[in-house]
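Peer 1: Let me begin by handing over the structure; questions about it come next.
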There are 2 protein chains.
Amino acid sequence: MKRLMNIAAGALFAAALALPGGALAQEGKATIGVSIPSATHGWTGGVNFHAQQAIDELKAAYPDLTFVLATAGDPGKQVSDIEDMMATRNIDALVVLPFESDPLTGPVKRVADAGKFVTVVDRGLSQPGIQDLYVAGDNTAFGRVAGDYFKEKMPDGGKIVVLRGIPTTIDNERVEAFQKAIEGSNIEIEGMEHGDWNRDKAFEVMQDFLSKYAEIDAVWASDDDMALGVIEAIKQAGREGDMWVLGGAGMKQMIEKVQAGDKMVPADVTYPPSMIATAIRLTADRFVSKAPMAGRFVIDSVLVTPENAKEHYFPDSPF
Amino acid sequence: MKRLMNIAAGALFAAALALPGGALAQEGKATIGVSIPSATHGWTGGVNFHAQQAIDELKAAYPDLTFVLATAGDPGKQVSDIEDMMATRNIDALVVLPFESDPLTGPVKRVADAGKFVTVVDRGLSQPGIQDLYVAGDNTAFGRVAGDYFKEKMPDGGKIVVLRGIPTTIDNERVEAFQKAIEGSNIEIEGMEHGDWNRDKAFEVMQDFLSKYAEIDAVWASDDDMALGVIEAIKQAGREGDMWVLGGAGMKQMIEKVQAGDKMVPADVTYPPSMIATAIRLTADRFVSKAPMAGRFVIDSVLVTPENAKEHYFPDSPF
């Protein structure tokens, strides 16, 4: 059966490639390098899962595409992964989620200068205009969708506390959009502190909020890792009946709670690690079609509720 | 062979769909409606060609996807096309390039309200937030790429004339970006008039420029249809050795001139009708994978030179 599939899929692929002009690398064959951070925390664990998933699907649909996947625990390793892909694998395209912007900018620029198609995901490089395609999350939508949900869920207003991430432009964009979305409501932000997208830090910040404020109706934890720390603090204080928590990202444990109708976790907001799959698919499309794929794709943040939770649930993913 | 291909492709498709969660419509089957203006002028002729091309390629790669393509010569026909797709074809998604924004906004909103995935291409609707995915050209890049080319091609400066399109925000964005790009150069814009993206109008405007200005080193026609009118006027005036012309869009006749090394048409800037193919492929990806496809994709404008002209040349397209 395997051989049969290969033959027929080869024929299909050839049919799909019977395009005029023939800009495709080496008669439709192409090698795509994918360089991502290793699964050092939850979200990058999701990135690893979805990258492999997309590669497996695309290899089945287009057997003439070859993928080289490398994961790096630090920027230095990622730079040498990319140099390796150029030196020994002769890649036609690179999909990269940079570990950090600065150390990756030069090496990725060299790939672009060599005429390869370059796709950058989520974290931009330090110099504009290097990549052909940029795929990123939408931090403004992330904050706005969260704020809209608070407004809808609290039509008469209420008292909330907010945990912020690491001080960055990303965090500023999210928080500003959230504040703008709840403008004109009677929702009052009692306290707002940085939990640095860290579960333990968020636990401590929430303990502090709980001891300071007798009335808290809801928490914008703004991140699923922080939400888990917040929930633990609320449980230890025995106040789990008093308030609900909105995280963000789309972590598996949180989606499970939403799906189960957990009163404390009525919803979540996506900032999906599966954006790596979008980036890999669009990069592959660059070689299996002549549809333009260079540009900038900003992926929506979506509200996850019990109704659509199934769509955002990946039981085999670590995240 | 046909049957063999169907069986094997079906198996491949099933493999590709062996995803957890199963948010896919009816076990991976999906019907995608595509509603576009008929080929009333050059650019929409290209849209028709590339829509059919993308559908043929995707049907070969994913036989469980069904496509319904409708072309409309006026907004009323487009509205009834879309209503038909809902009433009789039970579409799961709609890809629409609106003939006009206002009359299509309500009908497309009803499709979105019915829970279908909606992709809007190029021309936005009159109300924000209706579509799941927006695929559009980049008018700022279109003007900037053109301006950068003038600067590079005229390092010592020179005298140019500019033809603008129909007075719209699109045209303003393009012209502002062009002017910003040539700032600080010695390029002087002698005359700037609206040619309304129309060949005959551009011919008249250019005749006027030619009688007014004894020295013209280059023309930013800013559109391939206008460029053809401009070139005709220059030829009739017998001044074809004096100046070169930059159009825009990626029309076949213009790409042919670039490829042939025509001194009068050294380059072109894309605003590709093939963006419809990008939109259809991303919408299909929504059903054959769980990679997020909702968001906003702004497609780059690219400089076409003899080196890369082949990539942008579609001999079978009317445009």
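Read the figures in this text as sums done on the coordinates, not as results from a lab. Computed from a predicted structure; not experimentally measured. Because the Cβ atoms are built from the backbone with ideal geometry, glycine has one as well, and the counts that use them run over all protein chains shown.
Peer 1: Restricting to the protein assembly as shown, compute how many DSSP beta bridges are antiparallel as a %, nearest 5.
Peer 2: Around 10 percent antiparallel, to the nearest 5.
Peer 1: Among DSSP bridges having both ends in chain A, what percentage is antiparallel? Round to the nearest 5.
Peer 2: Numbers: 2 of 40 bridges.
Counting DSSP beta bridges with both partners in chain A, the antiparallel share is about 5 percent.
Peer 1: In addition: Subtracting the Cα-Cα distance from 0.36 nm times the residue separation, let me have the gained length for A:Glu256 to A:Glu204 in nm, one decimal. Mind dumping the intermediate values first?
Peer 2: Working: separation 52, 0.36 × 52 = 18.72 nm, distance 2.45 nm.
Stretched fully, the A:Glu256-A:Glu204 segment lengthens by 16.3 nm.
Peer 1: Using label points projected 7 Å from each Cα along Cα→Cβ, tell me how many nm separate A:Gln127 and A:Thr88, to one decimal.
Peer 2: The modelled label-to-label distance comes out at 2.7 nm.
Peer 1: If contacts are Cα pairs under 8 angstrom and at least 6 residues apart, what is the relative contact order of the stretch A:187-253 in percent? All intermediate terms of the calculation are to be shown ahead of the outcome.
Peer 2: Details: 90 pairs, mean separation 23.2, N = 67.
Here the relative contact order equals 35 percent.
Peer 1: Dipole magnitude of chain A about its Cα centre, charges +1 at Lys/Arg Cβ and -1 at Asp/Glu Cβ only, in debye to the nearest 20? Show your work: numbers first, answer last.
Peer 2: Details: 30 positive and 45 negative charges, 243 e Å.
Computed charge dipole of chain A: roughly 1160 debye.
Peer 1: A further question follows. Just how large is the dipole of the protein assembly as shown about the Cα centre, in debye to the nearest 20, putting +1 at every Lys and Arg Cβ and -1 at every Asp and Glu Cβ?
Peer 2: On the way: 60 positive and 90 negative charges, 356 e Å.
Dipole size: approximately 1720 debye.
Peer 1: Now a separate question. Relative contact order for chain B: what is it in percent, counting Cα pairs under 8 Å that are at least 6 residues apart? Write down the numbers at each step before the final one.
Peer 2: Values: 633 pairs, mean separation 61.8, N = 319.
Once normalised by length, the contact order is 19 percent.
Peer 1: Hey, another quick one. Could the peptides B:70-82, A:263-275 be put in order, highest first, of the mean number of other beta-carbon atoms found within 10 Å of their residues?
Peer 2: In descending order of packing, they fall as A:263-275, B:70-82.
Peer 1: While we're looking at this one, here's another question. With loop defined by DSSP as not H, G, I, E or B, and exposure as at most 16 other Cβ atoms within 10 Å, which is the longest segment of chain B clear of exposed GluC sites (Glu not before Pro)? Can you show the working numbers first?
Peer 2: Values: sites that count: B:Glu100, B:Glu183, B:Glu215, B:Glu240, B:Glu307.
Here the longest segment lacking exposed loop sites spans B:1-99.
Peer 1: Let me ask another. For a quick check: with amide H placed at 1.01 Å from N, whose amide H comes under 5 Å from A:Asp122's, ignoring anything fewer than 5 positions away on the same chain?
Peer 2: Distant-sequence amide H within range of A:Asp122: A:Val135, A:Ala136, A:Gly137.
Peer 1: Expected output is a single nm value to one decimal: the length gained when fully extending between A:Asp56 and A:Asp156, i.e. 0.36 nm times separation in residues minus the C-alpha distance. What is it? List each step's numbers first, then the result.
Peer 2: On the way: separation 100, 0.36 × 100 = 36.00 nm, distance 4.90 nm.
Extra length available between A:Asp56 and A:Asp156 comes to 31.1 nm.
Peer 1: Can I ask one more? Tell me the net charge near B:Gly247. Cut-off is 9 Å between Cβ atoms, B:Gly247 excluded, with +1 for each Lys or Arg and -1 for each Asp or Glu.
Peer 2: Details: positive: none; negative: B:Asp223, B:Asp224, B:Asp225, B:Asp268.
Taking every other residue near B:Gly247 into account, the sum is -4.
Peer 1: Suppose you put the label 7 Å out from Cα in the Cβ direction; list, shortest first and in nm with one decimal, how far B:Glu215 is from each other copy's label.
Peer 2: For B:Glu215, the other copies' label points sit at 7.8 nm, shortest first.
Peer 1: Under the rule a/c < 1.5 gives rounded, and otherwise a/b versus b/c splits prolate from oblate, where does the stretch A:140-209 land using the Cα gyration tensor?
Peer 2: Details: a/c = 2.43, a/b = 1.33, b/c = 1.82.
Judged from the Cα gyration tensor, the stretch A:140-209 comes out oblate (a/c at least 1.5, b/c at or above a/b).
Peer 1: Return the FRET efficiency for the residue pair A:Gln179, B:Glu100: r is the Cβ-Cβ distance, R0 is 41 Å, and the value is rounded to the nearest 0.05.
Peer 2: 0.65
Peer 1: Tell me the distances, shortest first, between B:Ile189 and the same position across the other copies, using label points 7 Å along Cα→Cβ, in nm to one decimal.
Peer 2: Relative to the other copies, B:Ile189 has label-point distances of 4.2 nm.
Peer 1: By how many nm would the segment from A:Tyr213 to A:Lys29 lengthen if fully extended, with 0.36 nm per residue of separation less the alpha-carbon distance?
Peer 2: On the way: separation 184, 0.36 × 184 = 66.24 nm, distance 6.20 nm.
Full extension from A:Tyr213 to A:Lys29 adds 60.0 nm.
Peer 1: Using only Cα atoms, find the angle between the long axis of helix B:101-113 and the longest principal axis of chain B, and express it within 0 to 90 degrees, rounded to the nearest 10.
Peer 2: Computed tilt is about 20 degrees.
Peer 1: Between B:Ala237 and A:Ser38, with labels modelled 7 Å along Cα→Cβ, what's the label distance in nm to one decimal, could you check?
Peer 2: 6.7 nm
Peer 1: Right, another one. Assigning unit charges at the beta carbon (Lys, Arg +1; Asp, Glu -1) and nothing else, what dipole magnitude in debye, to the nearest 20, does the stretch B:251-302 show about its Cα centre?
Peer 2: Values: 7 positive and 5 negative charges, 46 e Å.
Magnitude of the dipole: close to 220 debye.
Peer 1: How many partner chain Cβ atoms sit within 10 Å of a residue's Cβ in peptide A:134-146, on average, as a whole number?
Peer 2: On the way: counts 2, 4, 1, 2, 3, 0, 0, 2, 0, 0, 0, 0, 0.
Taking all residues of A:134-146 together, the mean is 1.
Peer 1: Within 10 Å of each Cβ in A:53-62, how many Cβ atoms from other chains are there, averaged over the peptide?
Peer 2: Details: counts 5, 4, 0, 3, 11, 2, 2, 8, 9, 2.
The mean count of partner-chain Cβ atoms within 10 Å per residue comes to 5.
Peer 1: Between copies, how close do the B:Arg89 label points come, placed 7 Å along Cα→Cβ, listed in nm from shortest?
Peer 2: Those label-point separations list as 4.0 nm.
Peer 1: Within 10 Å of each Cβ of A:296-305, how many other protein chain Cβ atoms are there on average? Could the numbers behind the result be given before it?
Peer 2: On the way: counts 7, 11, 5, 8, 8, 3, 4, 0, 0, 0.
Across A:296-305, the average partner-chain Cβ count within 10 Å equals 5.
Peer 1: On a C-alpha basis, how far is the centre of the stretch B:26-88 from the centre of the stretch A:188-257 in Å? Whole number, if you could?
Peer 2: Their Cα centres are 47 Å away from one another.
Peer 1: What FRET efficiency, computed as 1/(1 + (r/R0)^6) with R0 = 41 Å and r the Cβ-Cβ distance, is obtained for A:Thr168 and B:Asn172, rounded to the nearest 0.05? Each step should come with its number before you reach the end.
Peer 2: On the way: r = 34 Å, r/R0 = 0.82.
So, using R0 = 41 Å, E works out to roughly 0.75.
Peer 1: Right, next: With unit charges on the beta carbons (Lys and Arg positive, Asp and Glu negative) and the dipole taken about the Cα centre of the stretch B:186-319, which residue among B:Ser274, B:Val205, B:Ala233 sits farthest to the positive side?
Peer 2: B:Ser274
Peer 1: Right, here's the next one. Taking the 0 to 90 degree range and rounding to the nearest ten, how far is the long axis of helix A:139-153 tilted relative to the main principal axis of chain A, both from C-alpha atoms?
Peer 2: Once rounded, one gets 40 degrees.
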